[in-house]
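The values are calculated or read from the model by the stated rules, or taken from the named source; none is laboratory data. Since this is a predicted model, take the numbers as computed values, not measurements. Every residue, glycine among them, receives a Cβ derived from its backbone with ideal geometry; neighbour counts consider all protein chains shown.
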Amino acid sequence: MSLSIVRAQLRDVYSRLIGASLSVKQFPPVEKGDLGGRIRVGDLATTAIALRDVAYDVVYEELNSNDAYHVKMPDGGLLIFQYVFSAGGDMLKHRLAFFPSPVLPTIEEAPSLYERDELYGDILRTMLVRFPIRFDYNPHAHQDIAHPQSHLTLGQFENCRIPVSNPVMPNTFVMFLLRNFYFRSYLRNKNRFEKRMKSVQMKRTITSAEERIAYLVVG
């Protein structure tokens, strides 16, 4: 059952991020049932603002001030893990999101960020443009090519839906972020992050038409 694997991966992901000093505040995703018998993992009351047409700094401040996230990273980046499963434990949908802080915390707010250049130097460069990243899986909203079942959205572009080969597990999402955006921290903690996790073979959800355009393959 993918629900049991997601539970196990979330526990491991939290442990590894905390052990690597990449989580400064965390709220483990809570599981709860709904009236349809589904199991919801990681519901957050205020995350709907992230999909509204408002300035990004307003979105970030709303999430941050209301603790509407699951992991907060040293530079203020917020991670969100949300899944919905059937009563039998099959994955129905997910939303995995990364909301970077539009303004880095000050040295008073996060002294370790500035003192440990060997870990955080690559995220302190003034030339960087920070943007949100979201992996969504929702087969009920599928429209071939226009709205792939599993897709990646970069920034807040309304029609940015890059096809993804299959639904995304928690560890795949976190490793994607670390390897690409927190590379020094990833290298310093490579042995910790590369330890094997419980995994499951996810069914490919990409269509043949979507495979003829640029798309992302995830393990």
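Just a yes or no: is a residue in region 39-59 in contact with a Lys or Arg (Cβ under 6 Å, 6 or more places away or on another chain), surrounded by fewer than 21 Cβ atoms within 10 Å (Cβ to Cβ) and not acidic (Asp, Glu)? Within region 39-59 (the criterion being in contact with a Lys or Arg (Cβ under 6 Å, 6 or more places away or on another chain), surrounded by fewer than 21 Cβ atoms within 10 Å (Cβ to Cβ) and not acidic (Asp, Glu)), the answer is yes, since at least one residue qualifies. Of all residues in region 179-192, those satisfying the criterion of being assigned to a helix (DSSP H, G or I), crowded, with 19+ Cβ neighbours inside 10 Å and in contact (Cβ under 8 Å) with a residue 40 or more places away in the chain are 181, 185.
Being surrounded by 22 or more Cβ atoms within 10 Å (Cβ to Cβ) and in a loop (DSSP other than H, G, I, E, B) is the filter; apply it to region 146-167 and report the residue that is nearest to the chain's Cα centre (by Cα).
Going residue by residue through region 146-167, those that are surrounded by 22 or more Cβ atoms within 10 Å (Cβ to Cβ) are 148-151, 163-164, 167.
Filter once more, keeping what is in a loop (DSSP other than H, G, I, E, B): 148-149, 167.
On the way: 148: 18, 149: 17, 167: 12 Å.
The qualifying residue nearest to the chain's Cα centre (by Cα) is 167.
Out of region 92-110, which residues are touching a helix residue (DSSP H, G or I) at 6+ places or on another chain (Cβ under 6 Å) and at pLDDT 95 or above?
The answer is 96, 98, 99.
For region 76-88, what are the residues that are outside any strand (DSSP E or B) and in contact with a Pro (Cβ under 7 Å, 6 or more places away or on another chain)? Across region 76-88, the qualifying residues are 76, 77. Among residues that are at pLDDT below 95, surrounded by 14 or more Cβ atoms within 10 Å (Cβ to Cβ), outside any loop (DSSP other than H, G, I, E, B) and touching a helix residue (DSSP H, G or I) at 6+ places or on another chain (Cβ under 7 Å), residue 113 is included. Tell me, yes or no, whether region 128-145 has at least one residue that is crowded, with 18+ Cβ neighbours inside 10 Å and assigned to a loop (DSSP other than H, G, I, E, B). Yes: region 128-145 contains one or more residues that are crowded, with 18+ Cβ neighbours inside 10 Å and assigned to a loop (DSSP other than H, G, I, E, B).
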